[in-house]
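*Asks:* Take this structure first; my questions come after.
No value in this document is a laboratory result; all are computed from the given coordinates. What you are looking at is a predicted structure, and each value in this text was computed from that prediction instead of being measured. For neighbour counting, all protein chains shown are included, and Cβ atoms are generated from backbone atoms with ideal geometry for every residue, glycine included.
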Amino acid sequence: MPRFIVLAAVILAVLMPALARAEAGDEIFADRPAFSRGEVPPRAIARCDNLRAMAEGLAVPDFRVDLAASGALTLVKTDGALWYLVICSDLRVMCVTYEGNDMAVGELVTVKGAWRRLDRNHAVLDPCLASRGDDADAESPKDAR
């Protein structure tokens, strides 16, 4: 039995700091409901008109950050292997995906994927999933807290 107690103490000593770091890292999402840890559902979906403000000052952590955003497609291109779907005209967001699903410029889509800010006016979600329409299950970003 003492071995079990020692093993449990060692496991807790290793896991507790990691859990504390994970919780501390989630502070960056407090006022950014469309952002989340990788593969974690967001609390809301950003719209093009509030995306820049929500993304402003977001530091690059040492873990994957996902974004969920909705807007009209401004560009749809393929290189034969990948599809590049762009939404928003202020802070442009490019979704890199494997299928275009016959989506067209002007169509309302929701994109979700791994966030990487390229510069002040451009971001990439790669990998990314895109779906037609607005994600009705998400709450409005101004309502999410």
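*Asks:* What does the highest-first list of 77-85, 103-111 look like by mean Cβ count within 10 Å?
*Replies:* Result, highest mean Cβ count within 10 Å first: 103-111, 77-85.
*Asks:* Quick one: which of 53-63, 89-99 comes out on top by average Cβ neighbours within 10 Å, and what's the full order, highest first?
*Replies:* Ranking the peptides 53-63, 89-99 by packing returns 89-99, 53-63.
*Asks:* Between segment 68-134 and segment 25-51, how far is it from one alpha carbon centroid to the other, in angstrom?
*Replies:* The two parts, judged by their Cα centres, are 17 Å apart.
*Asks:* Need one number: nm distance between label points at Glu27 and Asp62, each 7 Å from Cα along Cα→Cβ, rounded to one decimal.
*Replies:* Placing both labels 7 Å along Cα→Cβ, they lie 1.6 nm apart.
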